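Report on the following structure.
The values are calculated or read from the model by the stated rules, or taken from the named source; none is laboratory data. Because the structure is a prediction, the values reported are computed rather than measured. Cβ: placed from backbone, ideal geometry, glycine included. Neighbour counts: every protein chain shown. Calculation scope for accessible area: heavy atoms of the full protein, side chains included, ligands and nucleic acids excluded. Shrake-Rupley method; radii C 1.70, N 1.55, O 1.52, S 1.80 Å.
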Amino acid sequence: MANAEPLDAVVIGAGFAGLYMVYRLREDGFSVHGFERGDGVGGTWYWNRYPGARCDSEIMYYSFSFLSELEQEWPLTERYPGQPDILRYLEEVASRLDLRKDFTFGAEVTAAEYDEAAHLWTVRTAQGHVATARYVVTAVGCLSAANFPEFPGAERFQGLSLHTGNWPREPVDFTGKRVAVIGTGASGIQAIPVIAEQAAHLTVFQRTAQFTIPAENGPLDQDFVALWKQNYPEWRRRARHSLAGFPYTASVTYALEVSAAERRAAFEAAWGAGGFTFLSGTFRDLVMTEEANATAADFVRSKIDEIVRDPAVADMLKPRGFPIGTKRLPLDTNYYETFNRPNVSLVDLKQTPVTGLTATGITTSAGHHEVDVIVYATGFDALTGPLEGLGIRGRDGQTLKDVWAEGPRTYLGVAVPGFPNLFTITGPGSPSVLSNMPVSIEQHVEWIGDCLSWLRAEGAEVIEATEQATTAWTAHVQDVASHTLHPKAATWYMGANIPGKPRVFLPYIGGVGPYRDHCAKVAANGYEGFTTTGDQEGDDGARPGDHRAA
Ligand code: NAP
């Protein structure tokens, strides 16, 4: 497409965020068009089709809250929705809201340039589409730029190479194959048990052993589902005002206030129940103090000893050297149990690093592993990667990479000074990946939608975060994180998984509810921390006194 008249907005991405943003702006009477690099809707759930891909948020609240009919009709069968279920859900949303007509699919945005004189963005795709628009809203997800480590000789490998985050649309059959999985984060931990059931042999290449908690997935009791559906508005309200977008209450007990036996009983109960409540529902201080944290970490290590029969393998699987919960806690189905299978072996890359790839497999300092398939479960350039990859140029042609050389600077995770009229849904500096994503996405979409309606009502056409408000917010993001154990660990939350990436805490850990209240206050105070510019001809400077930073 190439539009004759500038659009009000271009939205980039057609996952949860892009679908809702386009719908919301369309409903509010804005002209809006979406570009999506995939051939269909789904975002994360379009790309992550690896075996075992499943959401770690329970199905009851991993959905939109604004579709009350669909909410009642959509079947809730399993505790955690699998990737095909979520993709079907988003396809159903797109159909019901007739959203596909407002998107161009197979269109990868590679440039978005701001024209300061015209106050317009020009967006271009690799496939040759061009669109001009007043506003650009990125809805590209936080974990959508795949990280492919550069192993020497990788191009020589003659077998099949796959990345979990960029999986082919057709299912991959591992039957009879010798498979390598590199990486043991949430993706690897989900894929490994499923691949092990199919493959002739699976070799897991582990650099850092991960703590993981049983998901305890299974069919949902339909009486429970009926009760949940009756109370949907209340569950949604609780999620919005919680710390992480989950509708459950966090524990108020400190780990060291109770006896060792009581602690063990609490951990056992949470382990048996499965899910994230292992951290948030047991004790309030597990990610706050090292002493409390060690109690949970010791418990998980003791479980590994119970489950894994070979003591040497159990020892290799035990995470050490970082606090539990500072790497995103994966939920698993039979992960540790998988290492009892005769067709699974584990390679500890800390002891024997990869030295290179050959035509037939992977060489470590201890020898060569012949494989037919290499699955890279090596994660993502999180939060900043997807945004920097869009080729965004703001005032004076500066790129996000230029202005984020020391780490991302954002106002509320939703705006960047020097990039007027650009909004970043679940951007760095917002709760995003520390939360149940649909809750945070809805909050951002609604806040951005309200902001654009307000600008229209005010007759303003340019909005931009101030340097002052951005500096204060960016410092606040780091300050809140500094009261947790997170800065002590080399994780993707800290940018540590990508060589050369600045080490700062990327999301906002102040909590979904408090963050929401803060954003609402910013809006209620006339979008404090932003400047706005009117649409009079020749007026390209902020008017004194207009919606200035407090
Ligand atoms: P990840 O957590 O970053 O894990 C990547 C794994 O690859 C780590 O074990 C890492 O080791 C390893 N690795 C990276 N580079 C390597 C190299 N050069 N050599 C050897 N190993 C290397 O990525 P992910 O598992 O894809 O998960 C990312 C995030 O996506 C999750 O934390 C979660 O937020 C989200 N996710 C969610 C779900 C869900 O809801 N069910 C499922 C999957 C993913 P190190 O630890 O040593 O860096």
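To keep it simple, each residue is scored yes or no on (1) open to solvent by less than 60 Å² (accessible area, probe 1.4 Å); (2) farther than 30 Å from PRO417 by Cβ.
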residue: LEU76; (1), (2): yes, yes
residue: ARG96; (1), (2): no, yes
residue: ALA107; (1), (2): yes, no
residue: THR110; (1), (2): no, no
residue: ASP115; (1), (2): no, no
residue: HIS119; (1), (2): yes, no
residue: VAL123; (1), (2): yes, no
residue: HIS129; (1), (2): yes, no
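Restricting the first member to the stretch 219-246 and to residues that are more than 25 Å from GLN443 (Cα to Cα) and modelled with pLDDT of 95 or more, and the second to residues that are buried (at least 16 other Cβ atoms within 10 Å of the Cβ) and basic (Lys, Arg), the beta-carbon pairs closer than 6 Å and six or more apart or on different chains are LEU220/ARG79.
Within the stretch 39-51, being crowded, with 20+ Cβ neighbours inside 10 Å and either in a loop (DSSP other than H, G, I, E, B) or modelled with pLDDT under 95 (or both) holds for VAL41, GLY42, GLY43, ASN48, ARG49, TYR50, PRO51. Within the stretch 287-325, restricting attention to residues that are assigned to a loop (DSSP other than H, G, I, E, B) and closer than 22 Å to GLU257 by Cα, the residue that is most open to solvent (accessible area, probe 1.4 Å) is MET288. Residues that are open to solvent by 10 Å² or more (accessible area, probe 1.4 Å) and either within 11 Å of the ligand (Cβ to nearest atom) or assigned to a strand (DSSP E or B) (or both) within the stretch 167-181 comprise THR175, ARG178, listed in sequence order. Residues in the stretch 377-403 that are in contact with a helix residue (DSSP H, G or I) (Cβ under 7 Å, 6 or more places away or on another chain), crowded, with 19+ Cβ neighbours inside 10 Å and either under 23 Å from GLY159 (Cα atoms) or free of Cβ contacts under 8 Å to residues at least 24 places away in the same chain (or both): ALA377, GLY379, PHE380, LEU400. When the stretch 53-72 is filtered for residues that are open to solvent by 30 Å² or more (accessible area, probe 1.4 Å) and within 16 Å of the ligand (Cβ to nearest atom), only ARG54 remains. Within the set GLY407, GLY427, GLY418, the sole residue that is under 25 Å from ARG328 (Cβ atoms) and surrounded by fewer than 21 Cβ atoms within 10 Å (Cβ to Cβ) turns out to be GLY407.
Against the list (1) out of contact with any helix residue (DSSP H, G or I) (no Cβ under 9 Å at 6 or more places or on another chain); (2) under 17 Å from THR208 (Cβ atoms); (3) touching a residue at least 12 places away in the same chain (Cβ under 8 Å), the condition THR474 fails is (2). Of the numbered criteria (1) under 20 Å from ARG238 (Cβ atoms); (2) within 16 Å of the ligand (Cβ to nearest atom), the one PRO428 fails is (1).
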